[in-house]
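Following: one structure in structure tokens, then a few remarks.
The values are calculated or read from the model by the stated rules, or taken from the named source; none is laboratory data. Given the structure is predicted, the values throughout are model-derived calculations rather than measurements. Cβ coordinates were reconstructed from backbone atoms using ideal geometry, including for glycine residues, and neighbour counts include every protein chain displayed.
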Amino acid sequence: MSTFVQLVLRSLETGSIYSLAALGIIIIYRTSNITHFAQGAMGMFNTFVVTFLFTTAGMPLWLAIIGGMVSALITGFTVDFVIIRHTKKVSPVAKQIITLGLIMIFVGVTPFLFGVDPLNLPQLIPTGSLPVAGASISFNGILNIGFGLSVMAVLFYVLQRTKWGLAIRTTASNEFTARLMGVPTKTVTMVAWAVAAVLGVLAGVMTAPFTSVTLNLMDGVQLNALIACVLGGFQTFYGPVLGAYIIGIAKNLLVYYVSSVWGEQLLYLGILIFIVFRPYGLIGKKIVKKV
């Protein structure tokens, strides 16, 4: 039983990382109608910024993370202002190719600025753990879970209860109609890209202590975040978050109890079979447009 609890607790931490990245992807999809394949690459780049500020500039870790968030805001603003807002008449497929091109840009710029050697980023709370039902969870794990849930709760509140959230949901529903109603859709889209970049760097900072800060830091997170969006459905903001936690828990349980080699592949196979029978995901619904 203690092993099961340990796996679930660790999975909640992993699910929080996936959900932050998935929420960034879905915010971009809902406001810009783009599947954001470069979410992981942008998060990786800004995690390098955090690591540079911590290791080279000598900043405290919490201050370096704030610096990385500022860098993420600037990165998101720049990508939207320089590239995305000029693609309104570009086909959806071409937009996806543009985000793939962004991956190449960030992967190419990062070693040029920060070098090619792997870097290390410690946990915000390096020691201490809390016993739970015969298992234990580190204080940093509790921080990651609580912080991830808090960020998502704040974003969901903003989306559902504020005028800015209404502007985002209106833009997501129909950008042309939103403009006719006076919604500043260009500003909404720019802020969406900035928020997605911040979510990416937060996911990167939470991931980095379990590995090293390299160009491949966010590859697994990006993959699972995209799958979470497919599993949860692209039509809602909360569906991908639900999908992220399901993937985080199911993957660890399958790897431990079924097969350490094939557990992850069995998870993806199960999701594929599920999508065949429910192509719009757990929460998504088929959209029928009237002509």
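Can you tell which of Ile17, Ile28 is over 11 Å from Val201 (Cβ atoms), surrounded by 24 or more Cβ atoms within 10 Å (Cβ to Cβ) and touching a His at 6+ places or on another chain (Cβ under 6 Å)? Can you show your working first?
Values: Ile17 fails: touching a His at 6+ places or on another chain (Cβ under 6 Å).
Result of the check over Ile17, Ile28: Ile28.
Based on this model, can you work out whether Ala225 counts as buried (at least 20 other Cβ atoms within 10 Å of the Cβ), at pLDDT below 90 and of a type in the set (Gly, Ala, Ser)?
Numbers: buried (at least 20 other Cβ atoms within 10 Å of the Cβ): yes; at pLDDT below 90: no; of a type in the set (Gly, Ala, Ser): yes.
Considered against the rule, which asks whether it is buried (at least 20 other Cβ atoms within 10 Å of the Cβ), at pLDDT below 90 and of a type in the set (Gly, Ala, Ser), Ala225 comes out as no.
Of all residues in segment 110-148, which are in a helix (DSSP H, G or I), under 21 Å from the mean Cα position of the chain (by Cα) and loosely packed, with under 15 Cβ neighbours inside 10 Å? Steps first, answer last, please.
If we filter segment 110-148 for residues that are in a helix (DSSP H, G or I), which is where we start, we get 110-114, 139-148.
From what's left, under 21 Å from the mean Cα position of the chain (by Cα): 110, 140-148.
If the condition is that a residue be in a helix (DSSP H, G or I), under 21 Å from the mean Cα position of the chain (by Cα) and loosely packed, with under 15 Cβ neighbours inside 10 Å, then Gly146 is the only one that fits.
Do any helices (runs of 4 or more DSSP H) lying entirely in segment 168-285 carry at least 3 residues that are among the β-branched types (Val, Ile, Thr) and more than 28 Å from Thr87 (Cβ to Cβ), and which ones are they?
Values: elements: 175-180, 185-207, 219-232, 239-257, 263-277.
So the answer is 239-257, 263-277.
In segment 109-131, what count of residues is obtained for those that are small (Gly, Ala, Ser) and either within 10 Å of Gly141 (Cα to Cα) or in contact with a helix residue (DSSP H, G or I) (Cβ under 7 Å, 6 or more places away or on another chain) (or both)? Give the derivation first.
As a first pass, look at segment 109-131 and keep what is small (Gly, Ala, Ser): 115, 128-129.
Cutting the leftovers down to either within 10 Å of Gly141 (Cα to Cα) or in contact with a helix residue (DSSP H, G or I) (Cβ under 7 Å, 6 or more places away or on another chain) (or both) gives us 128-129.
Adding up the residues that qualify gives 2.
Exposed (fewer than 15 other Cβ atoms within 10 Å of the Cβ), at pLDDT 85 or above, at negative phi and of a type in the set (Val, Ile, Thr): does that describe Ile103? Quick ask: steps written out before the conclusion?
Numbers: exposed (fewer than 15 other Cβ atoms within 10 Å of the Cβ): no; at pLDDT 85 or above: yes; at negative phi: yes; of a type in the set (Val, Ile, Thr): yes.
In short, no.
Those residues that are more than 22 Å from Met190 (Cβ to Cβ) and either hydroxyl-bearing (Ser, Thr, Tyr) or surrounded by 15 or more Cβ atoms within 10 Å (Cβ to Cβ) (or both), I need them from segment 150-167; list them, please.
Ser150
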